[in-house]
Structures are given as structure tokens and as C-alpha cells.
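Take a look at the structure below.
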Amino acid sequence: MNARLRLRSLLDQGQPAGGLFLSLPAPQIVEIAAVAGFDFVLIDLEHTLIGGRELEELIAAADRSGISALVRVADARSERILPVLDAGAAGIVVARVSSLEDAREAIRRARYAPLGNRGLNAGRLGRFGDCDLPALLRQLDRETLLIALIEDAVGLAAAEEIASLPGLDGLLLGAADYSQSIGVPWQTTAESVRAADRQLAAIARRTGRYFFAIPRRDEDVVDHLRDGALGIIAGNDRGVLRQALSSKDRLWREIYRRQEIGSRRIEDE
């Protein structure tokens, strides 16, 4: 299977897919994620300084490794949507979608006519012109995922209308920014935030859109799957790395501490 289509294929079959949120511009992390069993990575361009060449290397690493690469852009008016898709991303996650206008703008930039006006390009995805170019446009519109990231109460209130727009494929709640928008910053497991997640999941079910989720605790995975989430973004590279390194550092220090205590006892005897 084409790596770019791995995520789309799983979603279309109603099968859950596991993803890693990626903020570090290291292709090796993409390859390790594939070895670990992940189906896709979500590369963040909103809160990072990842550049175009670095992004191309990350997408190429995903292609080599057999997993899909989604890319998050800062907003619906981002000029990066077009080159990101031309580079071969499996889809776009558009941050800060708070209105129908935002969603329509994202569709306009990510879809070809008549849904949008994505610019034509006979580059990498079109084998540099060695293909049926008119057919390619229809193919890419079918294959490319467009996911709206809802991050505030205004966006949640408009989510049903947003999800009903032709050309949109999925919904994801940005729990951290949503928590800030309702006055409980960083309380991503607060009941008010979890309720918003359930509400968005219900909207996705009613409108036939894919629902993506970011579990904040291991026990949240059960709830997300029960709510119908198919895209499970199970970890982020920086957090996983920090946790693993912290665990290793604590381990050797604890062993050292025990040895020191044991040595003192022997000396005392």
C-alpha cells in the first residue's frame, strides 16, 4: 500500500489508526515511529520553526517507512497549505477553525475546483507530469484528508455546520487551547473539556466525519474509542522522549542511592 494512503485506507475501513504528534524535525523519529507500529505522524508547523526542506525530509521518511504524514498548519489562511500538499502530505490539520468562514477558506486552499481553487502543480504527486493530470486532480481530492481543529467555544458552537461542509473529512478537539478559551487553562481532563470532546465526537458521527482524538491519560483511550474516534494521536515526540529519559535517569540514580545506603550499612557494621 502507498504509505500516503495508509491512514485514509484504515479510516475508510472503519479501523482505528495510531499516530504520533511530531514537533522535532528529525526523520529518524518518523522511522522509529513506524518501527514501533504507528500508522501516521502529525507534523506540527504551528508551534515549531520546521522549514520547507526539513518538512520534505520528514514526509520522505514517512514514505520510506510506510506510514502517512499529516501536517498541522497555523490557520485556514496559511500559505503553507498548498506546498505542504504538493510535497505529498496525506492531509492537513487546520488549527483554530472557529467559523464557517474558516472552514470554507481551508477547503478553498486544500481542494481543487469546483470545491476549492488549489493551484495546479505537476510535481512529485503527479510524477512530474508523467500521468493523466486531469484524473490526478480527482484522485488527490479523494485521497487528501482535511481535518478541522476546533480550539474554542465559538468553534464548538459552529462545529455541526463546519462538519457539514463538502470537502471536510474530520474533526479534532484541541483540548489545551479549548481549556484556555473556557477559563481552565491546561486542565485538559476537566469535565467541561471532556464534555466538549464528547460533543464533537457526536457531531462527527451525525455528519459522517472522521473523529480524531488526543488521549491525555491512558484511561482516556477507552472513552475515545467508545465515542467513535478512529484517529488516535497516542503520544508526542517531545513528551515521550522526556518521559523515557526521565525514567532512565531516575532508574540509575535510584540504583546508586541504594548502593550508597548499602555501603554505609556495611561500613557501620
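The values are calculated or read from the model by the stated rules, or taken from the named source; none is laboratory data. Because the structure is a prediction, the values reported are computed rather than measured. Virtual Cβ from ideal backbone geometry, glycine too; neighbours counted across all protein chains shown.
Check whether at least one residue in segment 239-261 is within 27 Å of VAL30 (Cβ to Cβ), charged (D, E, K, R) and in contact with a strand residue (DSSP E or B) (Cβ under 9 Å, 6 or more places away or on another chain), and report yes or no. No, because not a single residue in segment 239-261 is within 27 Å of VAL30 (Cβ to Cβ), charged (D, E, K, R) and in contact with a strand residue (DSSP E or B) (Cβ under 9 Å, 6 or more places away or on another chain).
Within segment 180-216, take every residue that is assigned to a loop (DSSP other than H, G, I, E, B) and of a type in the set (A, V, I, L, M) and give me the one that is nearest to ASP141 (Cα to Cα).
The residue in question is ILE214.
So for segment 68-86 (the condition being outside any helix (DSSP H, G or I), surrounded by fewer than 21 Cβ atoms within 10 Å (Cβ to Cβ) and under 15 Å from the mean Cα position of the chain (by Cα)), does at least one residue qualify? Yes; the residues of segment 68-86 include at least one that is outside any helix (DSSP H, G or I), surrounded by fewer than 21 Cβ atoms within 10 Å (Cβ to Cβ) and under 15 Å from the mean Cα position of the chain (by Cα). Identify, please: which residue in segment 152-188 is exposed (fewer than 15 other Cβ atoms within 10 Å of the Cβ) and β-branched (Val, Ile, Thr) and is, among those, farthest from ILE107 (Cα to Cα)? Out of the qualifying residues, it is VAL184.
Scanning segment 224-269 for residues that are in contact (Cβ under 8 Å) with a residue 12 or more places away in the chain and either surrounded by fewer than 10 Cβ atoms within 10 Å (Cβ to Cβ) or in contact with a Ser or Thr (Cβ under 9 Å, 6 or more places away or on another chain) (or both) turns up ASN236, ASP237, ARG238.
HIS47 meets the conditions (1) under 17 Å from LEU149 (Cα atoms); (2) crowded, with 17+ Cβ neighbours inside 10 Å; (3) without any contact (Cβ under 8 Å) to a residue 40 or more places away in the chain in every case but one. The failed one is (2).
Tell me, yes or no, whether segment 56-64 has at least one residue that is touching a helix residue (DSSP H, G or I) at 6+ places or on another chain (Cβ under 8 Å), of a type in the set (Asp, Glu) and either modelled with pLDDT of 95 or more or under 23 Å from TYR210 (Cβ atoms) (or both). Yes: segment 56-64 contains one or more residues that are touching a helix residue (DSSP H, G or I) at 6+ places or on another chain (Cβ under 8 Å), of a type in the set (Asp, Glu) and either modelled with pLDDT of 95 or more or under 23 Å from TYR210 (Cβ atoms) (or both).
Going by the structure shown, is PRO16 within 21 Å of ARG111 (Cα to Cα) and out of contact with any His (no Cβ under 8 Å at 6 or more places or on another chain)?
no
For segment 232-245, check the following and say yes or no: at least one residue is more than 23 Å from the chain's Cα centre (by Cα) and assigned to a helix (DSSP H, G or I). Taking every residue of segment 232-245 in turn, at least one turns out to be more than 23 Å from the chain's Cα centre (by Cα) and assigned to a helix (DSSP H, G or I). ASP177 falls short on exactly one of the conditions (1) touching a residue at least 24 places away in the same chain (Cβ under 8 Å); (2) not in a helix (DSSP H, G or I), and that condition is (2).
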